[in-house]
1. Which of the lysines could a cross-linker bridge to A:Lys239, judged by Cα under 21 Å and excluding same-chain residues fewer than eight apart?
2. Just add up the charged neighbours of A:Val297: K/R +1, D/E -1, any other residue whose Cβ is under 11 Å from the Cβ of A:Val297.
3. Find the centroid of the Cα atoms in segment B:6-81 and in segment A:37-84, then give the distance between the two in whole Å.
4. Which value, in debye to the nearest 20, gives the size of the charge dipole of chain A about its Cα centre, when Lys and Arg are +1 and Asp and Glu are -1 at the Cβ?
5. Relative contact order for chain B: what percent, with Cα pairs under 8 Å and sequence separation of 6 or more?
6. Give a residue-ordered list of calculated ³J(HN,Hα) values for segment A:187-195 (Karplus: 6.51 cos²θ - 1.76 cosθ + 1.60, θ = phi - 60°; whole Hz; x for Gly, Pro).
7. Taking the Cα centre of each part, how many Å lie between segment B:151-221 and segment A:174-197?
8. Among A:His304, A:Pro234, A:Ala266, pick out the residue whose Cα is farthest towards the positive end of the charge dipole of chain A, where Lys and Arg carry +1 and Asp and Glu carry -1 on C-beta, about the Cα centre.
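Read the figures in this text as sums done on the coordinates, not as results from a lab. Treat the numbers as computed from the prediction; the structure is a model and nothing was measured. Cβ placement follows ideal geometry from the backbone for every residue including glycine, while neighbour counts extend to all protein chains displayed.
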Number of protein chains: 2
Amino acid sequence: MTRVTAQDVAEEAGVSLATVDRVLNKRKGVRDKTIERVTQAMDRLNFVRDQAAANLARGRTYTFTFIVTAGETAFFSDLRGEIEAARDFAAKERVALRMVAVPPLDPQAIVDAIDSFGDDLGDGFAIVSVESQAMREAIKALRDKGVHVITFISDVPNSERQRFVGIDNVAAGRVAGGLLKRFISAPKGDVAVVAGSGTLRDHVERRMGLEQVMRAECPHLTVLPWIEGEESGPLVEQKLSKLLAENPNVVGLYSVGGGTKGVIGAIEAAPQEISVVTTELSDHTRAALIAGTVDAVLVQDPSHEVRSAVRVLKALADETIINEKQERIRIEIFMRDNLP
Amino acid sequence: MTRVTAQDVAEEAGVSLATVDRVLNKRKGVRDKTIERVTQAMDRLNFVRDQAAANLARGRTYTFTFIVTAGETAFFSDLRGEIEAARDFAAKERVALRMVAVPPLDPQAIVDAIDSFGDDLGDGFAIVSVESQAMREAIKALRDKGVHVITFISDVPNSERQRFVGIDNVAAGRVAGGLLKRFISAPKGDVAVVAGSGTLRDHVERRMGLEQVMRAECPHLTVLPWIEGEESGPLVEQKLSKLLAENPNVVGLYSVGGGTKGVIGAIEAAPQEISVVTTELSDHTRAALIAGTVDAVLVQDPSHEVRSAVRVLKALADETIINEKQERIRIEIFMRDNLP
DNA sequence: GCAAAAATGATTGACGTACCTCAAGCATTA
DNA sequence: TAATGCTTGAGGTACGTCAATCATTTTTGC
């Protein structure tokens, strides 16, 4: 069972290797009829291009840049760690990774970070961004220069990003809703929502998912206006404590992201019996799960997300197809009983 | 930013390319002191071996064989489909995949399947197996011939398999337990368990996980002896219907795997109000989730598992390291609200 | 200090594809 | 009929590593 090479295809099609090569790499100067003959020969022989040899011959290296959120949220500090860790595996495939951490919730900082590279933009960017017009323009500017752009973790819809890599955040919200629906035994009450900011698409979508479930299936529960914590634990704790003190009817809480530590602090101090779903598997949420303060934690795997982003950027650069199943990022649910 | 090649390492270490190559490929004929110098030079320059070029030069191709369960279970028919689908992506990396489907629960069939390859064993096997002494011996025989062996989906502990690729089945059982614990509102009752066979390690482990949670946290619930359905829907339906008719105290059910269609049929006909957790996301379970017959479905992604198996076998063959995070197969939880 | 053995150097040809050049063939148009 | 432009063939080099050979140097044992 020996491999079929481009040379074999050439013989089968009755053309030269050069022509097969022109077809393979979509170079011009081949008649449609000839292209047809070559592709048919490839089908007949079941020719599969040897990626390894192709990359080697091309001698191509790729530079991809991650622009991520700085700050000490457990998730983002994990994410930065995973990007660092991905350097090694990426290097084996001739991919160099760069990373810039910018302050959260500040689109201008992202634009500045991109500008700081000057003409050395590399081949692609993966950007964790808030949704803003400035970002849409920055993405368009990159695309116009032939740089590939994907949004990462949090999407920027209606921009020219080629793809979004991250979980289905509406689905995550629905999961949270489905869990709260079953966890809350009170016949009536309010559900609080804590988020980072209304400019974070992922947070907005998660809340949407929660509301979808609540409206459709839980007429006895009311979703309260959300608390914006700006990714700050203390601020979240202060605002949430105030809410819980003023509203004794809160029976459920969904912490959409950011400031989870503050959420846990406020819940522990509150008199109500509250069912709680949060994000991020950190030491704090882990302890809270065990203690019973938090009932479930919804997690996205940053390690998978980083690998997926690199694969997608590489596929865009190589113009190869993306394996959709592989790039579907899963939402994991952890409860006290299945903590890893 | 040009790549560091073996040639660069040779210069840095003050040796020839041939020596670097000997060190790289662990060939003998190099003094320890020299090995040291070369590896230090590699560290200094941050040398990363180009896998693509290496495989190309080696001209090596790999043949891996999947031995999987035949039969029409949704999961296994998906799994077989994914193995077929993986052929393309594998071919790009010089990996040929073979697949044999054998009747379920029959270790001898697996042994026969292996024997049918004669001396053409290829480089590795991924085997979905029941636990039995015959299998342990067959695995040992393969290993003795230098063939790599991993168990797949269901493990065979205490065998010489080099690795198990699949989910943590005890954790899956604990998740089921955690969910049932919360879903069941009755103050007291029995929990039924339906499984394929006691020789399937994955089923045994899932039940173990369930019992761990139940014993520790649910003194009010009693786990009943399990029903063995031998992967047959009708048999499961018959046995389970009988149980439900005789025992009005059943308030929860965990279908560990196999015969899910029968489970759903029996539940629908039963008078009790039962909280149900099953496996496999098929048309049947999907409809049952929407109808409310089933409360949650625990899923493993066969597409991920197949890719993981191929990567692991390749890493074993190449003697390269395995990225543990990438190979952790996740357990997904679907409820009515987050059906994809 | 010598011979034998071990270690190292120098060199070369794969491996399969990419990409380039040059020349030749061919059809179309003026 | 010649000029033009498009298509194709032929052949070569490069990519980084592997694997092998043969020559040369260094080390080891006595």
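1. A:Lys261
2. Details: positive: A:Arg286, A:Arg336; negative: A:Glu280, A:Asp295, A:Glu332.
Residues near A:Val297 contribute -1 overall.
3. 19 Å
4. Working: 42 positive and 49 negative charges, 236 e Å.
The dipole of chain A has a size of about 1140 debye.
5. Working: 598 pairs, mean separation 46.2, N = 340.
That works out to 14 percent.
6. x, 6, x, 10, 10, 8, 10, 10, 9
7. Their Cα centres are 28 Å away from one another.
8. A:His304
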